[in-house]
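Report on the structure given below.
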Amino acid sequence: MTDKNDRILRTKFVERLCHWTLVACFMFTALSGLSWFFPSLSWLNSVLGTPQMARILHPFLGIAVFLALCFMFIRFAHHNTFRKTDLAWFRNIGNVLMMRKGPRLYIGKYNAGQKVLFWLIMAAICVLLVSGLMMWRAYFAEYFPIWALRLAILAHSIAGIGLILLILGHIYMGLWVRGSISGMATGYVSRKWAHHHHDRWYDEIKAAEEAPKA
Ligand code: HEM
């Protein structure tokens with residue numbers, strides 16, 4: 001779908017709304033979580049008003065992050081399945097990162113790096129959800145033996161730090177590839193951007209536009 005400025009719709013409104021809601025919920029969940037993990041960051045626990053409020057809201061916000069990611073999973077999983085051509089992307093990672101012209105890579109809606117990140121985010125949120133529910137003192141923690149709670153705390157910490165690092169990488173790549181953040185903000189990208197970064201996806205869009213005319 002294109003608008004009058006000849007741009008291509010990359011991300012629909014409902015998907016963008018979900019993504020930016022996810023960003024807000026993730027930020028509060030991650031900052032309050034970090035405040036308990038590193039004593040030097042304990043001042044962050046006032047990010048949700050008071051430390052007590054942070055304790056209460058952190059699990060609910062975490063569930064909101066999980067639900068938003070379920071929606072993203074439904075909308076985007078099929079664009080993130082791996083194909084043979086993804087191997088070429090990994091082989092040409094140097095050209096991709098340095099924005100050098102190399103062989104054609106046949107990149108679909110998301111590139112191989114984005115796909116890896118997508119599945120790692122999904123795996124991390126599943127670990128965070130299960131371990132987080134087990135540790136939730138108000139409702140579930142009493143049903144588990146102490147060894148299981150210790151394992152849950154360990155898994156929650158590793159997955160939490162892992163997800164924060166993945167998201168920092170995700171933000172960095174968003175800033176590196178000029179035009180992708182505005183794509184997620186407005187929904188639209190230029191034809192040049194689409195052709196340059198996601199050539200196979202661009203061909204598919206063009207073919208779909210030309211199909212009714214043929
Ligand atoms: C300030 C923070 C963030 C920025 C600037 C940002 C930026 C972006 C951008 C630009 C895209 C679209 C990429 C493209 O069109 O090629 C995107 C997609 C996406 N983002 Fe974010 N993001 C942020 C935080 C998050 C967080 C916290 C999560 C999850 C916990 C997340 C999960 C996703 C997912 C799942 C996609 C779809 C990618 C795919 O399907 O492979 N983002 N983000």
Unmet criterion (only one of (1) in a helix (DSSP H, G or I); (2) touching a residue at least 24 places away in the same chain (Cβ under 8 Å)) for VAL189 | (1)
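So that you can scan it fast, the table gives a plain yes or no per residue for (1) open to solvent by 70 Å² or more (accessible area, probe 1.4 Å); (2) more than 15 Å from TRP201 (Cα to Cα); (3) in a helix (DSSP H, G or I):
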site: PHE73; (1), (2), (3): yes, yes, yes
site: PHE76; (1), (2), (3): no, no, yes
site: PHE82; (1), (2), (3): yes, no, no
site: LEU87; (1), (2), (3): yes, yes, yes
site: PHE90; (1), (2), (3): yes, yes, yes
site: ASN95; (1), (2), (3): no, yes, yes
site: PRO103; (1), (2), (3): yes, yes, no
site: GLY108; (1), (2), (3): no, no, no
Among (1) within 9 Å of the ligand (Cβ to nearest atom); (2) open to solvent by 20 Å² or more (accessible area, probe 1.4 Å), where does THR11 come up short?
-> (2)
Selection from the range 38-50 of residues crowded, with 17+ Cβ neighbours inside 10 Å and of a type outside the set (Val, Ile, Thr) yields LEU44, ASN45, LEU48
Residue in the range 12-33 that is part of a strand (DSSP E or B) and within 18 Å of SER180 (Cβ to Cβ) present | no
In the set LEU168, LEU129, LEU149, the lone residue that is part of a helix (DSSP H, G or I) and within 14 Å of the chain's Cα centre (by Cα) is LEU168
More than 20 Å from ALA54 (Cα to Cα), open to solvent by 90 Å² or more (accessible area, probe 1.4 Å) and modelled with pLDDT of 95 or more, is that true of TYR143?
-> yes
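The values are calculated or read from the model by the stated rules, or taken from the named source; none is laboratory data. What you see is a predicted model; the values in this text were computed from it and never measured. We place every Cβ from the backbone using ideal geometry, glycine too, and count neighbours over all the protein chains shown. Please note that ligands, DNA and RNA were not included when accessible areas were found on the heavy atoms of the full protein model with its side chains. Shrake-Rupley method; radii C 1.70, N 1.55, O 1.52, S 1.80 Å.
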